[in-house]
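Please read the structure below before turning to the comments.
No value in this document is a laboratory result; all are computed from the given coordinates. The structure displayed is predicted, hence computed values, not measured ones. Virtual Cβ from ideal backbone geometry, glycine too; neighbours counted across all protein chains shown.
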Amino acid sequence: MIHTLEADSILLEIGARKILSDIYIKCETGTITGLLGRNGQGKTCLMNVLFGNLKARHKSIRLDAQPMKDIDSSILTYLPQANFIPKSSTIKQVFYFFNLDFDHFTDRCPDFKMKFDFKFLNLSTGQRRLVEIYALIMCRSKFTLLDEPFSNLSPITVELVKDLIITEKSNKGFLITDHLYAHIIEISDAIYLLAEGKTRLVSDLDEMKSLGYING
Amino acid sequence: MLVWLKFFVQGVIVLYVNDYNKSEFLYYRNLGISKRKLWIGSFLIDMSIFIISLLIAGRFL
């Protein structure tokens, strides 16, 4: 079944500064939606508003055209920029709680074969990040928000993550933001550019140049 | 006096954990457990242990 997540009428102010004011964003099952923008334009704030972490003065978030009052993990999951799984957790616990298949994971990442009982504090930052990304890509929510999933990953791991997202998009919708924009452009079905609190649907690099996101 | 001290310490812990473990709350949110549910659950367990300990200690005083 195809689900649609839409958000608009978001007004977010922090102090006197208007962070988000004219937003429209749409995400569907089977699509990868990219969100690009320069530093400080409010990409993370927008994800936090969507996930319900940040209270906006106004917002309208709809799932299948119905207003969403409570955001639960069966609908939306969110990968923040920072590591978020407690260091004392083991990989085994995370796979159990997210209901994931460890064999599938080790087929793609053989380095983890002997690490099922490892605690997160014994993993490197990149390894922790990879498990976190895998858990949220593969979990059974209808939509997943990924904030900078490619940061701190080696090129080969970035390719693996892109492959996982593309494979899993048949089951859910993704909203992804990252400064490594080439990867976002490569895998996204639609791209929004966030600038001055407004989102614009962009289709090519020339448009991004004209909007000042990349150098012309 | 002891009860007020307990509430004061509890308040300090809530402020510290909310700030220091901010991103880890997202782990539980992604599993469907809100911050409020976590705090209510841990508060109830903590207060139960505190009250039971008080009652046991009271028997020997």
Q) Rounded, prolate or oblate: which one fits region A:82-216, using the alpha carbon gyration tensor with axes a ≥ b ≥ c (rounded when a/c is under 1.5, else prolate when a/b beats b/c, else oblate)? A) prolate
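Would you work out the charge dipole size for region B:20-61 about its Cα centre, treating the Cβ of every Lys and Arg as +1 and the Cβ of every Asp and Glu as -1, and quote it to the nearest 20 debye?
On the way: 6 positive and 2 negative charges, 35 e Å.
Its charge dipole is roughly 160 debye.
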Q.
Given region A:97-176, report the % of alpha carbon pairs whose separation exceeds 17 Å.
A. 44
Q) Given H placed on each backbone N at 1.01 Å, which residues far from A:Gly173 in sequence or on other chains put an amide H within less than 5 Å of it? A) A:Gly30, A:Phe143, A:Thr144
Q: Grab the beta carbon distance between A:Gln66 and A:Arg140, set R0 = 22 Å, and tell me the FRET efficiency rounded to 0.05.
A: 0.65
Q) Where in region A:93-132 does the label zone of B:Ser42 land, with the point 7 angstrom along Cα→C-beta and an amide N cut-off under 19 Å? A) A:94, A:120-121
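Write down the Kirkwood hydrodynamic radius of region B:2-60, to one decimal in angstroms, obtained as one divided by the mean of 1/r over all alpha carbon pairs.
On the way: mean 1/r = 0.0772 Å⁻¹.
Evaluated on region B:2-60, it is 13.0 Å.
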Q: Name the residues whose placed amide hydrogens come within less than 5 Å of the amide hydrogen of A:Gly37, ignoring near sequence neighbours (fewer than 5 apart) on the same chain.
A: A:Leu194
**Q.** Integer Hz, Karplus 6.51/-1.76/1.60 couplings in order for region A:2-18, x for Gly and Pro
**A.** 8, 10, 10, 10, 10, 9, 7, 6, 8, 10, 10, 10, 10, x, 8, 8, 7
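What does the helix-only formula give at 222 nm for the protein assembly as shown: each DSSP H stretch with n ≥ 4 adding -39500 (n - 2.57), the total divided by the residues, and the result rounded to the nearest 500 deg cm²/dmol?
Details: 10 runs with 115 residues, N = 277.
Value at 222 nm, helices only, nearest 500: -12500 deg cm²/dmol.
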Q | Overall Cα dimensions of region A:71-142, principal axis frame, Å, largest first | A | 35, 24, 17
Q. Residue by residue through region A:84-92, which ³J(HN,Hα) values in whole Hz follow from phi under the Karplus form 6.51 cos²θ - 1.76 cosθ + 1.60 (θ = phi - 60°), with glycine and proline marked x?
A. 10, 7, x, 4, 7, 6, 9, 4, 4
(Q) Name the residue from B:Val14, B:Ser53, B:Gly32 whose Cα lies farthest towards the positive end of the charge dipole of region B:2-60, charges +1 on Cβ of Lys and Arg and -1 on Cβ of Asp and Glu. (A) B:Gly32
Q.
Taking 37 °C and 0.692 mPa s as the conditions, I'd like the Stokes-Einstein D for the protein assembly as shown in µm²/s, using the Kirkwood hydrodynamic radius from alpha carbon pairs.
A. 160
Q | Derived scalar couplings ³J(HN,Hα) [region A:114-126; Karplus, 6.51 cos²θ - 1.76 cosθ + 1.60; whole Hz; x for Gly, Pro] | A | 9, 10, 4, 9, 5, 7, 4, 5, 8, 9, 6, 4, x
**Q.** Cα centroid separation - region A:58-110 against region A:131-191, whole Å
**A.** 13
Q: Mind giving me the FRET efficiency for A:Ser151 and A:Asp107? R0 is 22 Å, r the Cβ-Cβ distance, nearest 0.05 is fine.
A: 0.35
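Of the trypsin sites (Lys or Arg not before Pro) in region A:41-76, which ones lie in a loop per DSSP and count no more than 16 other C-beta atoms within 10 Å?
Values: sites: A:Lys43, A:Lys55, A:Arg57, A:Lys59, A:Arg62, A:Lys69; in loops: A:Lys55, A:Arg57, A:Lys69.
Listed in order of number, the matching sites are A:Lys55, A:Arg57, A:Lys69.
What does the charge dipole of region A:1-108 about its Cα centre add up to, to the nearest 20 debye, if the Cβ of each Lys and Arg holds +1 and the Cβ of each Asp and Glu holds -1? List each step's numbers first, then the result.
Values: 13 positive and 11 negative charges, 119 e Å.
Computed charge dipole of region A:1-108: roughly 580 debye.
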Q. Averaged across the residues of A:134-143, what count of C-beta atoms belonging to other chains lies within 10 Å of each residue's C-beta?
A. 1
Q) Restricting attention to region A:131-216, which trypsin sites (Lys or Arg not before Pro) occupy a DSSP loop and are surrounded by at most 12 other Cβ atoms within 10 Å? A) A:Arg140
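Please give the FRET efficiency for A:Phe116 paired with A:Met1, using the beta carbon to beta carbon distance and R0 = 41 Å, rounded to the nearest 0.05.
Details: r = 33 Å, r/R0 = 0.81.
Calculated transfer efficiency: 0.75.
Quick one: order A:Met47, B:Met47, B:Met1 by neighbouring beta-carbon count within 10 Å, fewest to most.
Ranked by crowding around the Cβ, least crowded first: B:Met1, B:Met47, A:Met47.
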